[in-house]
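Here the structure is laid out as structure tokens; the discussion comes afterwards.
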Amino acid sequence: MAGRLTKIYWIILEMGNRSKLKNNKIRAKNTLSIVITPDQIAAAELSDSSDGPKLIKYAEYNRRVSVNLDELGEEKDAFIAFLKQNRFKFKNAAVGISSRNVLTTLVDVSKYADADRDVFTSAVQLDLEQRFEFDVKDAVFDCVPLAGNSNHILAAAVLNRDIQSVRELFAGTGISLVSLSVSLLAPRLHREPGVCVNLILYPHHTGFVVFEDSCLQTLKCLPSGSTRLGKTAPAVAELKRLLLTMQNTQGISCRIWGSESPAEEVVDSFKKVIPDTRFERISRPSQLEWITVSLGERILDGGCELDFVNTHFGTHKKKRSGWSGRIIAASLLVLAFAAVFFGGWYMDSRDAEAAEQQYADLSERLETAQSVIQRVSQARPWFSSRTYCLSSLKELTLCFPEYPHIWLSSLALDENFNQVISGSAVSENAVLDVVEAMNSSSGFSNIKILYLRKMNKNSDTVTFAVNFKYERDN
């Protein structure tokens with residue numbers, strides 16, 4: 001197992017050293033922390049002192065119109081005026097964006113255990129391309145390891161057009177973008193061992209962040225409803241789904257953050273899902289300021305878990321300067337003469353032995369790399385073509401609701417496209433709604449519910465299985 005971890009997690013070990021490398025530029029003593037939300041932009045200047053990060057100034061302003069991140073250029077004139085009015089002078093900017101602009105998913109990396117760096121990166125990016133349904137060249141990716149899980153990583157993606165919009169916001173200001181992370185990760189929301197669930201309540205969405213043993217496990221942006229209870233319904237459903245995948249659900253702590261103290265009925269809605277959980281309601285009247293200052297402190301202290309400017313995916317090697325190349329060449333020449341003078345025959349035998357071993361290692365790695373590349377090459381045209389299987393999956397996906405009230409655990413089919421799906425749902429109505437949608441689709445026939453029953457007496461969660469047939473197009 002240790003050898004396997006070494007092969008899979010070279011990328012994770014590199015991430016541990018990444019903050020030391022990237023922060024040579026960021027940690028120049030001064031950082032301009034900027035947080036962009038759909039309604040506001042906040043900025044804070046922090047300086048690194050012997051006593052830790054020191055806040056110099058903070059300011060925020062309301063955006064004239066709430067626009068998407070890729071339309072941020074419309075805010076440029078107001079943003080420049082805001083910087084001048086508040087006399088912000090620092091030129092290294094760390095930007096935090098909303099989780100609404102970040103896509104996350106779990107990736108199984110165990111199948112790439114024997115691959116080298118290039119093959120591993122290409123295979124993972126192809127996996128993400130299929131999951132997110134856009135070309136891998138159109139986004140920037142980053143990932144973090146999971147606590148106690150050596151087979152999966154949490155991968156995240158931000159579209160290139162969103163990153164470019166942030167860069168264009170700084171055009172002509174002399175400010176350099178040295179870090180781009182998720183604003184929800186700026187505060188240190190994990191302070192103790194075990195599982196810590198964080199729910200950050202906003203007017204139009206809920207941030208859902210989960211840590212286990214101080215390692216990021218889940219990061220999602222969930223839509224909110226119109227009522228106080230409806231506002232947390234998607235988060236309750238997501239929490240139920242998460243608990244089904246966790247090995248140990250004992251000792252969970254849950255913190256609910258908001259500009260106002262969450263209502264008691266909101267907390268009660270989560271207590272029904274995890275009754276033995278320790279709940280903490282935290283009210284911060286100036287929540288945006290808290291997040292903005294925390295982002296600057298995190299950058300000065302080593303950076304956030306995800307960073308889409310300093311990502312390990314697609315890292316480019318720095319070019320060596322001319323003097324550096326000459327010094328290296330001269331050193332190699334001196335070493336070569338010394339080796340010949342003090343024992344050429346001995347060194348030749350050692351070199352031959354090392355070359356033989358290297359050739360044997362390369363042969364084994366080459367076979368593994370060629371096998372992975374062949375599987376990836378075969379998968380790409382299959383995924384791009386519109387096969388009957390993909391058409392069936394597409395029709396089935398459209399029958400499921402937008403919010404995660406129901407999820408599948410298995411799908412089986414034969415050569416005649418007779419299929420059986422099974423899974424879990426938060427209620428019987430969620431299953432019946434999907435079956436009704438399947439009956440309304442022209443692609444499915446012979447739809448039968450094989451079973452529909454509660455998982456236990458004290459829960460509304462149900463398990464189900466449905467049998468149906470997909471009619472092929474002629």
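List of remarks:
- Odd one out for LEU411 among (1) under 32 Å from the mean Cα position of the chain (by Cα); (2) not in a strand (DSSP E or B): (2)
- Candidates SER150, SER110, SER122, filtered to the one that is closer than 28 Å to SER377 by Cα, among the small types (Gly, Ala, Ser) and surrounded by fewer than 15 Cβ atoms within 10 Å (Cβ to Cβ): SER110
- Considering segment 99-188, there are no qualifying strands (runs of 3 or more DSSP E) wholly inside with 3 or more residues that are among the aliphatic types (A, V, I, L, M) and free of Cβ contacts under 8 Å to residues at least 40 places away in the same chain.
- Candidates VAL102, VAL95: the one that is under 16 Å from the mean Cα position of the chain (by Cα) and modelled with pLDDT of 85 or more is VAL102.
- Some residue of segment 391-400 being surrounded by fewer than 13 Cβ atoms within 10 Å (Cβ to Cβ), part of a loop (DSSP other than H, G, I, E, B) and of a type outside the set (Asp, Glu): no
- Qualifying positions in segment 392-429 - farther than 23 Å from THR461 by Cα, modelled with pLDDT of 80 or more and polar (S, T, N, Q): SER392, ASN418, GLN419
- Of the set (1) in a strand (DSSP E or B); (2) over 29 Å from ALA157 (Cα atoms), all apply to GLY96 but (2).
- Residues (at pLDDT below 75, part of a helix (DSSP H, G or I) and surrounded by 11 or more Cβ atoms within 10 Å (Cβ to Cβ)) located in segment 319-335: GLY325, ARG326
- Applying the criterion of being in contact (Cβ under 8 Å) with a residue 40 or more places away in the chain and over 33 Å from the mean Cα position of the chain (by Cα) to the residues of segment 441-464, the residue that is surrounded by the most Cβ atoms within 10 Å (Cβ to Cβ) is PHE444.
Here's the yes/no breakdown for (1) of a type outside the set (A, V, I, L, M); (2) closer than 18 Å to GLU238 by Cβ:
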{"residue": "TYR403", "(1), (2)": "yes, yes"}
{"residue": "ILE406", "(1), (2)": "no, yes"}
{"residue": "SER422", "(1), (2)": "yes, no"}
{"residue": "ALA430", "(1), (2)": "no, yes"}
{"residue": "GLU436", "(1), (2)": "yes, no"}
{"residue": "ALA465", "(1), (2)": "no, no"}
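- Any hit, segment 105-118, residues being hydroxyl-bearing (Ser, Thr, Tyr) and touching a Phe, Trp or Tyr at 6+ places or on another chain (Cβ under 6 Å): yes
- Considering segment 177-233, and only residues there that are aliphatic (A, V, I, L, M) and closer than 17 Å to ASP268 by Cα, the residue that is modelled with the lowest pLDDT turns out to be LEU229.
- With respect to the stated conditions, ASP138 fails to be touching a Ser or Thr at 6+ places or on another chain (Cβ under 7 Å) and closer than 26 Å to VAL209 by Cβ.
- Cβ-Cβ under 8 Å pairs, at least 6 apart or on other chains, segment 70-88 side within 17 Å of LEU32 (Cβ to Cβ), far side of a type in the set (A, V, I, L, M, F, W, C) and exposed (fewer than 13 other Cβ atoms within 10 Å of the Cβ): LYS76/ALA171
The values are calculated or read from the model by the stated rules, or taken from the named source; none is laboratory data. What you are looking at is a predicted structure, and each value in this text was computed from that prediction instead of being measured. A quick note on method: Cβ atoms are made from the backbone with ideal geometry, for glycine too, and the neighbour counts reach across all protein chains shown.
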